[in-house]
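Have a look at the structure below before the remarks.
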Amino acid sequence: MKSAPTWLLWGCLPIFNTLNQAALKMTAGAVIHEAFGLQWLFDAAMSPYIWMSFACEIINFVVWMTILKRHNVSQAFPLTAISYATIMITGWLVFHEPMQWAQLIGIAMIMGGIAMLGFSPKPSSPDDGGDRA
Amino acid sequence: MTQNFDIFILIPFCILAETISVICFKHGVNQDEKSPVDVGIAMMILTRPILWLGLLLWAAQLIAWVTVLEHTPLSIAYPLMGLIYCTVPLSGKWFLGERLPSRQWLATGIIAAGVMLVGSTGI
């Protein structure tokens with residue numbers, strides 16, 4: 001992990017974030033018949049989707065910790081911005097959620113703001129690969 | 001009604017828990033700068049209680065998040081978590097002493113406005 005190029009680490013985040021959220025949405029679908037309580041927790045824990053989510057979460061956690069060792073929190077955090085687009089598209093295409101114009105404008109503002117946070121004129125880190133991403 | 005509960009109570013809880021856990025993890029990793037040896041991630045998690053707190057908050061947030069997704073579309077709920085992009089840089093500044101230039105203040109304002117716009121489609 002220490003020697004992984006920065007661009008590869010960045011690419012992992014949106015892919016596994018999207019898979020993670022899709023798995024969590026499917027977990028929610030599996031326990032929706034149950035009121036929140038011990039049985040709910042048991043059903044959720046028994047769902048294969050929650051384990052898919054854990055796998056994505058562990059991969060992203062390791063990737064994220066490695067990124068945080070190279071960058072400040074306020075500089076590294078904007079890397080996950082791209083997930084907002086891929087997760088929205090997943091909601092519409094995979095889960096057939098309604099699409100609204102205000103959502104599109106709002107998401108554009110969120111991603112624009114995140115880009116402003118991240119691409120500061122001062123280079124964030126002198127390490128290898130930082131300029132390729 | 002349930003979706004409003006998600007948007008006004010459960011999602012803000014998730015945002016708060018996520019923010020504190022990110023700060024815990026960064027604080028845990030920061031301890032390396034003072035340490036003469038570079039320890040592995042597994043060893044780090046085992047030996048640093050602040051990382052346990054981060055994991056505990058992550059678990060609480062996960063349970064709340066699955067209950068949110070039972071009733072609220074992913075394409076509305078997930079963008080609301082974007083408020084983390086405001087709370088994390090602000091916490092980085094206040095608690096970890098990281099720098100926050102004026103353009104980043106402006107950026108957090110734009111993100112917050114976008115989050116409110118998406119949130120308005122869900123209530």
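With respect to the conditions (1) more than 14 Å from A:Gly118 (Cβ to Cβ); (2) buried (at least 19 other Cβ atoms within 10 Å of the Cβ); (3) within 7 Å of chain A (Cβ to nearest Cβ); (4) not hydrophobic (A, V, I, L, M, F, W, C), B:Gly122 falls short on a single one, namely (3). Among the residues of region A:90-109, the one identified as part of a loop (DSSP other than H, G, I, E, B), under 18 Å from the mean Cα position of the chain (by Cα) and within 7 Å of chain B (Cβ to nearest Cβ) is A:Phe95. Under the condition of being more than 7 Å from chain A (Cβ to nearest Cβ) and open to solvent by less than 20 Å² (accessible area, probe 1.4 Å), the residues counted in region B:63-75 number 3.
Determine whether region A:38-50 contains at least one residue that is touching a Leu at 6+ places or on another chain (Cβ under 9 Å), part of a helix (DSSP H, G or I) and of a type outside the set (Phe, Trp, Tyr).
In the first step, residues of region A:38-50 are kept if they are touching a Leu at 6+ places or on another chain (Cβ under 9 Å); the result is A:49-50.
With the extra rule that they be part of a helix (DSSP H, G or I), the set shrinks to A:49-50.
Now restrict to residues that are of a type outside the set (Phe, Trp, Tyr): A:50.
Yes, that holds for at least one residue.
Taking the conditions exactly as written (aromatic (Phe, Trp, Tyr), under 16 Å from the mean Cα position of the chain (by Cα) and either surrounded by fewer than 16 Cβ atoms within 10 Å (Cβ to Cβ) or more than 8 Å from every other protein chain (Cβ to nearest Cβ) (or both)), does A:Phe36 satisfy them or not? Can you show your working first?
On the way: aromatic (Phe, Trp, Tyr): yes; under 16 Å from the mean Cα position of the chain (by Cα): no; either surrounded by fewer than 16 Cβ atoms within 10 Å (Cβ to Cβ) or more than 8 Å from every other protein chain (Cβ to nearest Cβ) (or both): yes.
So A:Phe36 does not fit the description; no.
Taken over region B:83-119, residues that are closer than 20 Å to A:Leu104 by Cβ and facing chain A (nearest Cβ under 7 Å) amount to 9. Within the span defined as region B:85-101, one or more residues are open to solvent by 10 Å² or more (accessible area, probe 1.4 Å), of a type in the set (Gly, Ala, Ser) and touching a residue at least 60 places away in the same chain (Cβ under 8 Å).
Would it be correct to say that A:Thr18 is open to solvent by 10 Å² or more (accessible area, probe 1.4 Å) and part of a helix (DSSP H, G or I)? It is true that A:Thr18 is open to solvent by 10 Å² or more (accessible area, probe 1.4 Å) and part of a helix (DSSP H, G or I). Please count how many residues of region B:89-117 are under 18 Å from the mean Cα position of the chain (by Cα) and at pLDDT 90 or above. Final tally of qualifying residues: 10.
The values are calculated or read from the model by the stated rules, or taken from the named source; none is laboratory data. What you are looking at is a predicted structure, and each value in this text was computed from that prediction instead of being measured. All Cβ positions, glycine included, derive from the backbone under ideal geometry; neighbour counts span all protein chains shown. For accessibility, only protein heavy atoms count, side chains too; no ligands or nucleic acids. Shrake-Rupley method; radii C 1.70, N 1.55, O 1.52, S 1.80 Å.
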